[in-house]
Amino acid sequence: MSADNWAICPKCRKVALNQKEELAGKAKKGYGKLPPEEYEELLLLSRKPIDEETTMREDFCMGTDKYGDFSIEYSAFCQNCDFKFKFMHSESVGLDE
């Protein structure tokens with residue numbers, strides 16, 4: 001079965017942003033203390049764009065059945081990290097009104 005969609009994982013993105021901030025902090029803290037090559041390398045790594053691969057699989061289903069019940073189901077999980085999310089909701093569409 002194929003996925004309904006592939007998206008960028010919010011957890012992987014947050015981890016990558018945190019790593020960039022950490023590298024920038026090390027560079028800032030090491031200014032004038034680190035060898036120039038090491039300082040430049042930290043700066044380059046902190047400025048490198050985040051690799052935003054679509055590693056999060058999304059599956060969803062939405063509709064109303066013949067009994068008048070509306071339901072929606074959504075699930076997502078990342079192939080690179082342990083991120084998972086699931087949402088389900090159902091309710092009557094109010095046929096008795």
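Where a number appears in this text, it was derived from the coordinates with a stated rule and is not lab data. Everything numeric in this text was worked out from a predicted model, so none of it was measured. We place every Cβ from the backbone using ideal geometry, glycine too, and count neighbours over all the protein chains shown.
The table below lists the values:
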read-out	value
Cα-based Rg / Dmax (Å) for segment 1-56	15.6, 56
FRET efficiency, 1/(1 + (r/R0)^6) with R0 41 Å, evaluated for I8 and Y67 via beta carbons	0.65
Magnitude of the charge dipole, segment 1-73, Cβ model with Lys/Arg +1 and Asp/Glu -1, debye to 20	540
Derived scalar couplings ³J(HN,Hα) [segment 24-39; Karplus, 6.51 cos²θ - 1.76 cosθ + 1.60; whole Hz; x for Gly, Pro]	5, x, 5, 5, 4, 5, x, 4, x, 10, 8, x, x, 5, 5, 4
For the chain: Kirkwood Rh in Å [reciprocal of mean 1/r, alpha carbons]	16.9
Normalised contact order of segment 5-92, rounded percent, pairs of Cα under 8 Å and 6 or more residues apart	29
Non-local Lys pairs in segment 5-92, i.e. 8 or more apart or on different chains, that have alpha carbons under 28 Å apart	24
